[in-house]
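Provided herewith is a single structure, encoded as structure tokens, for subsequent inquiry.
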Amino acid sequence: MTLLQLSDEVAGYQGKTILRGLTLSIEAGERIGLVGESGAGKSTILRLIYERCRDQAALVPQDSGLVQSLSVFHNVYMGRLHLHSVWRNFRNLLKPARDDIATVRPIVEELRLEDKLFSPVAELSGGQQQRTAVGRALYNPGDVLIGDEPVSAVDEYQARDILSTINDQKKTVVLAMHDRALALEFTDRVIGIRDGRIVLDEATAGMVPSDLDDLYQA
């Protein structure tokens, strides 16, 4: 099933065009890695995809988008705020319900944050905050996860665990990645962006990081 179809589109932000001639099709069940230099347009493509798939997608933004004064529990719980009444959400803000803690806890444990469940996000390291943002997206019931450098603040071992968890729990995954080796290992399709255009769109099977060198050469 086709999840998204773009044809010769232009995209940008704040009145500035970043991408031109954008033609892209995404099928449900695909795992896609976006690669390219900083500023090439990866975040712009992710933003466009998220806008078009918002009803069924969860986003891990590059800046995490967490509420620093609230706990890990509360930030992960936000992944389902839209499913519950204002009263239930307000009650959980004041005193988390046992049932909601029970649904959030397995995700937090999967991301090795169980000892931080009720710690304010402001007290966490950058890597722990990034894992919390991933947890919020995993808790969202949507089948699609869109991530903008979702493992950039953790070590390679943690990155592999997180990417495996994402692939296990979400049907369709689209990630902007700075680590080419991880991008090729954890996706089945790689899209290369250079100078505001898609210049590569290939299956990752059999590819090695050096196959992507042209994307990073002046």
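The values are calculated or read from the model by the stated rules, or taken from the named source; none is laboratory data. From a predicted model like this one, the values you see are computed outputs, not experimental measurements. Cβ coordinates were reconstructed from backbone atoms using ideal geometry, including for glycine residues, and neighbour counts include every protein chain displayed.
Residues of the stretch 82-113 being within 22 Å of the chain's Cα centre (by Cα) and either surrounded by 12 or more Cβ atoms within 10 Å (Cβ to Cβ) or under 22 Å from Tyr157 (Cα atoms) (or both), which ones?
Within the stretch 82-113, Thr103, Val104, Arg105, Pro106, Ile107, Val108, Glu109, Glu110, Leu111, Arg112, Leu113 meet the criteria.
Just the residues that are within 11 Å of the chain's Cα centre (by Cα) and part of a loop (DSSP other than H, G, I, E, B), please, taken from the stretch 114-151.
Once the filter is applied, which keeps residues that are within 11 Å of the chain's Cα centre (by Cα) and part of a loop (DSSP other than H, G, I, E, B), the stretch 114-151 yields Glu149, Pro150, Val151.
Out of Ile32, Ile18, report the one residue that is modelled with pLDDT of 90 or more, of a type in the set (Val, Ile, Thr) and not in a helix (DSSP H, G or I).
Exactly one residue qualifies, and that residue is Ile32.
Tell me which residues, restricted to the stretch 28-45, are surrounded by fewer than 23 Cβ atoms within 10 Å (Cβ to Cβ), more than 16 Å from Leu163 (Cβ to Cβ) and within 13 Å of the chain's Cα centre (by Cα).
Ser43
May I ask you to list the residues in the stretch 62-83 that are in a helix (DSSP H, G or I) and of a type in the set (Val, Ile, Thr)?
Matches in the stretch 62-83: Val72, Val76.
For residues that are more than 18 Å from Glu185 (Cα to Cα) and part of a strand (DSSP E or B), scanning just the stretch 197-218, find the one that is modelled with the lowest pLDDT.
If we take residues in the stretch 197-218 being more than 18 Å from Glu185 (Cα to Cα) and part of a strand (DSSP E or B), then Arg197 is modelled with the lowest pLDDT.
With respect to the numbered conditions (1) modelled with pLDDT of 95 or more; (2) touching a strand residue (DSSP E or B) at 6+ places or on another chain (Cβ under 9 Å); (3) in a loop (DSSP other than H, G, I, E, B); (4) not aromatic (Phe, Trp, Tyr), which one is the sole condition not fulfilled by Leu59?
(3)
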